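Read through the structure below, which is laid out as structure tokens, and then see the notes.
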Amino acid sequence: MANKRRSVLGLFNDPGTAADGVEALQNAGFGANDFEILTGAPYPEGAFGEEPIKHRLYYFPLVGAVVGLSLALLATVGTQLSWPLVTGGKPVLAIPPMAIISYEGTMLGAILFTILGIVFESRLPRLGLGLYDARINEGKIGLLVACEPDQMGSAIDAMQGAGVFEIKQEEWEKA
């Protein structure tokens, strides 16, 4: 049976000691994807010394706009060519109505893909939240570390050296 990753939650009183905890974890060999900072208040990116999060959110509206425009053009051109209504010698493909529907399709695609991008980049839905403490909403700062069972000791030691005031471990059964 393979080992599963375990969680360790360290609670800190202030941002300075939490930043020291992040630095201690980085010095102990934990990568940026191995821990998460939990706060009840907004802090600017990098306030705790963590690496900035790289996202690809700006691609989603662009792709959505291209998809929306393509579908709108396909619908308008396809409809007009499938059922041509020649009226008074005018061309079958009428540009002004196509422009309106193309604009609306482009906007609809961009908006829908932006919403999907936000959900995707936010990593929603999070089914397994793991460890949490209600005091995080009261101003404490949590440092949640996901690690292998043999790394739990080094994570706990790193946080204790940084001034953590309480550590919680995920409960798990021994096989």
Margin query: Kindly evaluate Leu143 against the criterion of being outside the structural domain of Phe12 (by TED's automatic domain parsing) and surrounded by 13 or more Cβ atoms within 10 Å (Cβ to Cβ).
Written below: no
Check: Among the residues of region 49-66 satisfying the criterion of being closer than 15 Å to Ser122 by Cα and charged (D, E, K, R), which is modelled with the lowest pLDDT?
Finding: Lys54
Next item on the list: Can you work out which of the residues in region 146-169 that are of a type outside the set (S, T, N, Q) and over 16 Å from Gly29 (Cβ atoms) is surrounded by the most Cβ atoms within 10 Å (Cβ to Cβ)?
Entry: Val164
Checklist line | Members of region 26-38 that are part of a helix (DSSP H, G or I) and more than 22 Å from the chain's Cα centre (by Cα) | finding: Asn27
Notebook entry, point to check: Only one residue in Pro61, Pro97 is part of a helix (DSSP H, G or I), within 25 Å of the chain's Cα centre (by Cα) and either crowded, with 18+ Cβ neighbours inside 10 Å or of a type outside the set (D, E, K, R) (or both). Which one?
Noted result: Pro61
Notebook entry, point to check: What pairs come up if the first residue lies in region 27-42 and is farther than 13 Å from Ala158 by Cα, the second is part of a loop (DSSP other than H, G, I, E, B) and acidic (Asp, Glu), and their beta carbons are under 6 Å apart, counting only those six or more places apart or on different chains?
Noted result: Ala32/Glu51
Checklist line | Residue list for region 41-82, filter: farther than 17 Å from Ala19 by Cβ and either touching a Lys or Arg at 6+ places or on another chain (Cβ under 8 Å) or among the charged types (D, E, K, R) (or both) | finding: Lys54, Arg56
Next item on the list: Kindly indicate which of Ala75, Ala28, Ala32, Ala24 is of a type outside the set (S, T, N, Q), more than 22 Å from Gly130 (Cβ to Cβ) and surrounded by 13 or more Cβ atoms within 10 Å (Cβ to Cβ).
Entry: Ala75
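The values are calculated or read from the model by the stated rules, or taken from the named source; none is laboratory data. No experiment lies behind these values; they were computed from the predicted model shown. Neighbour counts are summed over all protein chains in view; Cβ atoms, including those assigned to glycine, are modelled from backbone coordinates with ideal geometry.
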